[in-house]
Amino acid sequence: MSFSVHHYALELDYKPHSGRLSGRAVLQASCTALSSFSLSFGSLRVSKVLVNGKPARYAHAGGVLNVRAAVRGSFSVEVRYSGTPVPISTPEWGDLGWDELTDGSIVASQPIGAPSWFPCLDDPSSKASYLIDVTAPSSYTVVCNGVLVDGKVSGSTTRWTYSMAAPMATYLSTVQIGQYVEALPGVWAPSRLRRPVAHDFGRQSEMVELFSSLFGPYPFAGYAVVVTDDALDVPVEAQGLSTFGSNHVDGRRGSERLVAHELAHQWFGNSVGIAAWEHIWLNEGFACYSEWLWSEASGGRSADVCAAAARDLLQRLPQDVVIGAPDRAHWFDDRVYQRGALTLHTLRREMGDDSFFALLREWCARHRHGVVTTDDFLNLAGHQDLLTHWLFEPDLPL
């Protein structure tokens, strides 16, 4: 990349009933020397661009904001914009980014939806700190990444300010707005779902303890969960925050594996990020395996039984995905998840528990808040003959 962004300060004013968003984004960046640069930005209308506090010429079309300004070293970019956000439509994954709920809004950006609501350097390897400031009607709760550092009530609106000090990829940034109550500390839900949510997420603190013992200390200042009043196809991963749909709550912990999966992403995918999407198994394979680890530790099926079930499933599916380097159409293929988890279980059986979990703790500690590649894991783990077969050959190993 020709330049880097180190910090995003986002000031948003959102009106749920009209869906209108007004925004001011200030990016702190650096480069060697450029006469122009580009940011990814969707369809919201740009009204002004300032570089180092001075007006700059710009062109905004096709999801790209081109800025003409001579910059060198550290510089700031301020973009003012407004409109009704619409998600970014993709043929592979549907609509991504800022989207409307029946009452409120949701941001689900993975992998390329962040530009739907703020101008950014939208690459998984680009991490920055964030300050997210959202003004909304006081009847609504706003939950964003990081720690709530301020909440100012002014008439009928409240201004919520969140700080995410740890480096974060753009696709992991989020804003969740709805009429929510706190079902458990850090767990927000519609009042009608308060009791079943409290039960279904009641063992989440035990998961944190388990994963901290297996992977190393929890990597962020806090963790929050939002359960929307709407149904969602899948839970939404974000840094320090996960979002579930009302359909993921049944009062019987029927979706508890998903609770474990999204929590595990705080280590695998959020703290230890990926340098490019082709390394996605390092996020999803590890999170899927964490489901099995929780099942094993909480009195459910053992990891061996989960692995046998995954192998049986994979044997009945086409074996035409190379999970160590999938093409775009297969980044989020369930075979990447299941075979990734099975790869880790095979490595665990080869190494033994003590060495395997020591490897995972070293992986998370060495690359805390950084980005990695599959080669980085191969170089640390060893056992390259075994792993190469599992990761880079389409046929399922015997």
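Which of the peptides 9-16, 296-303 is most tightly packed, and how do the rest follow, judged by the mean count of other Cβ atoms within 10 Å per residue? Please list the in-between numbers first.
Values: 9-16: 18.9, 296-303: 14.4.
Taking the mean over residues of other Cβ atoms within 10 Å, the ranking is 9-16, 296-303.
How far is the Cα center of the stretch 299-319 from the Cα center of the stretch 112-185, in Å?
If you average the Cα positions of each part, the centres end up 38 Å apart.
Which angle between 0 and 90 degrees, to the nearest 10, do you get for helix 353-366 versus the longest principal axis of the chain when only C-alpha atoms count?
20 degrees
Quick check on the chain: helices-only [θ] at 222 nm, where DSSP H runs of length 4 and up contribute -39,500 (n - 2.57) each and the sum goes over total residues. Nearest 500, please. Working shown, then result.
Working: 9 runs with 107 residues, N = 398.
Only helices count here, giving -8500 deg cm²/dmol.
For helix 204-215, what angle does its Cα long axis make with the longest principal axis of the chain, in degrees from 0 to 90 and rounded to 10?
Roughly 70 degrees between the two axes.
Dipole size in debye (nearest 20) for the chain around its Cα centre, Lys and Arg Cβ +1, Asp and Glu Cβ -1? Display every interim value, and only then the final one.
Numbers: 31 positive and 42 negative charges, 317 e Å.
Taking the Cα centre of the chain as origin, the dipole is about 1520 debye.
May I ask for the angle, rounded to the nearest 10°, between helix 334-351 and the longest principal axis of the chain, with both axes built from Cα atoms and the value confined to 0 to 90°?
On a 0 to 90 degree scale, this one is about 50.
How much net charge surrounds Lys48 when only other residues with a Cβ under 10 Å from its Cβ are counted (Lys, Arg +1; Asp, Glu -1)?
Details: positive: Arg24, Arg80; negative: Glu78.
Taking every other residue near Lys48 into account, the sum is +1.
Could you sort the peptides 25-38, 257-270 by per-residue average Cβ neighbour count (10 Å cutoff), highest mean leading?
Working: 25-38: 15.6, 257-270: 23.3.
The densest-packed peptide leads the list: 257-270, 25-38.
How much of the calculated P(r) for the chain lies past 32 Å, in percent of all Cα pairs?
Numbers: 28063 of 79003 pairs.
Counting pairs separated by more than 32 Å, the tail of P(r) holds 36 percent.
Where a number appears in this text, it was derived from the coordinates with a stated rule and is not lab data. Quick caveat: nothing in here was measured; it's all calculated off a predicted structure. Methodologically, a virtual Cβ is constructed for each residue, glycine included, from the backbone with ideal geometry; neighbour enumeration extends over all protein chains shown.
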